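Below is one structure, written out as structure tokens, with a few remarks after it.
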Amino acid sequence: MHRWIVLAVASLHVLLAAPSRAEAADIILVSPGAVSSSLAELLPRFEQASGHKVGVAYAPALALADRIRNGEAADVAILGEPAADDLQRIGRLVPGSKAVIATVGVGVFVRRDAAKPDIATADAFLRSLASAKAIAYSDPVLGGTAANHVARLMESLDPTGAIKAKTKLTPPSRPLADFVVGGGADFGLTQITEILADPRLALVGPLPGPMQYYTQYAAGLVAGSTRQDIGRALIAFLASPAAAAVMQTKGFEPR
């Protein structure tokens, strides 16, 4: 076990094993899919150390923010930082509970055995867009931060409508990967963590610098949660150096 994980687990035991500790409980975490590969490794460690169980519901980040804004019940929410700030401001997240846990950029991907387009520079990326028969990304209407950025980027690069004509929109995460793997597009665009989590895909690379967009994810306590002590412990764990080390292996940037 990684040294930082050992320290984090020990810290959780100290935090949660006090005589006044509540009985083991279930809490609900809502999160974007981009964090799923990290949570799959981290949450079992938290559960083992704390004795509590964490149920996770995944959805696109912007859609999650709307759901929390409209009163959906949960204990902890992982959201893009601007949305988390807004939800704290209106009282849907507990003030002062927000902690930035991860940063991730947008990448280009292909099926693992497919030829990789040249995206080394902005000009090279434009040439690859021009030569592609089809490109794919998640439908921005469904609320993904990466999808909304890619949609805005493509619109800015497409004065003639040629890119729009070859663009294929899919539901997020697995359906997008399935579409590209099935040959529906020359390449796809999504957050780098989602690309690295699927062994069928090959990461071509991050979007060129001027076109890149980084999402900072923050975790916060949802107002109305009856398990705020457990939620705070989970947030502290996700914001720890131990968690950051795991997240970097999944494609997140150093904080």
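The values are calculated or read from the model by the stated rules, or taken from the named source; none is laboratory data. These numbers were taken from a predicted model, which means no experiment stands behind them. Backbone-built Cβ (ideal geometry, glycine too); neighbour counts: all protein chains shown.
In table form, for the structure just shown:
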quantity	calculated
Cross-chain or 6+ apart pairs with Cβ under 6 Å, segment 51-76 first and under 15 Å from Ala146 (Cβ atoms) and in contact (Cβ under 8 Å) with a residue 12 or more places away in the chain, then hydrophobic (A, V, I, L, M, F, W, C) and outside any strand (DSSP E or B)	Pro60/Leu142; Ala65/Ala83
Residue list for segment 177-221, restricted to those being touching a helix residue (DSSP H, G or I) at 6+ places or on another chain (Cβ under 6 Å), assigned to a strand (DSSP E or B) and β-branched (Val, Ile, Thr)	Thr190, Thr215
Subset tally (residues that are within 23 Å of Gly182 (Cα to Cα) and not in a helix (DSSP H, G or I)) for segment 94-139	22
Members of segment 40-62 found to be under 17 Å from Arg174 (Cα atoms) and in a helix (DSSP H, G or I), listed by number	Ala40, Ala61
Single condition Ser37 does not satisfy, out of (1) polar (S, T, N, Q); (2) farther than 30 Å from Asp186 by Cα; (3) not in a loop (DSSP other than H, G, I, E, B)	(2)
Of all residues making up segment 140-154, the number that are outside any helix (DSSP H, G or I) and either touching a strand residue (DSSP E or B) at 6+ places or on another chain (Cβ under 6 Å) or closer than 17 Å to Val204 by Cα (or both)	1
Considering residues of segment 158-171 that are outside any helix (DSSP H, G or I) and out of contact with any helix residue (DSSP H, G or I) (no Cβ under 6 Å at 6 or more places or on another chain) only, the residue farthest from Tyr217 (Cα to Cα)	Thr160
Single residue of segment 39-96 satisfying the filter (within 23 Å of Thr193 (Cα to Cα) and β-branched (Val, Ile, Thr)) that is surrounded by the fewest Cβ atoms within 10 Å (Cβ to Cβ)	Val56
Residue in segment 124-147 that is free of Cβ contacts under 8 Å to residues at least 40 places away in the same chain, closer than 22 Å to Thr215 by Cα and surrounded by 14 or more Cβ atoms within 10 Å (Cβ to Cβ) present	yes
Unique match (being acidic (Asp, Glu), in the same structural domain as Ile135 (by TED's automatic domain parsing) and out of contact with any Asp or Glu (no Cβ under 9 Å at 6 or more places or on another chain)) among Asp85, Asp113	Asp113
Breaking point among (1) over 28 Å from Met247 (Cβ atoms); (2) surrounded by fewer than 20 Cβ atoms within 10 Å (Cβ to Cβ); (3) of a type in the set (D, E, K, R); (4) touching a strand residue (DSSP E or B) at 6+ places or on another chain (Cβ under 7 Å), for Asp158	(4)
Given (1) part of a helix (DSSP H, G or I); (2) modelled with pLDDT under 95; (3) charged (D, E, K, R), number of the condition Arg255 does not satisfy	(1)
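Conditions (1) surrounded by 15 or more Cβ atoms within 10 Å (Cβ to Cβ); (2) in the same structural domain as Ser31 (by TED's automatic domain parsing), marked per residue:
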residue	(1), (2)
Pro175	no, no
Asp178	no, no
Gln191	yes, no
Ile195	yes, no
Leu221	yes, yes
Leu234	yes, yes
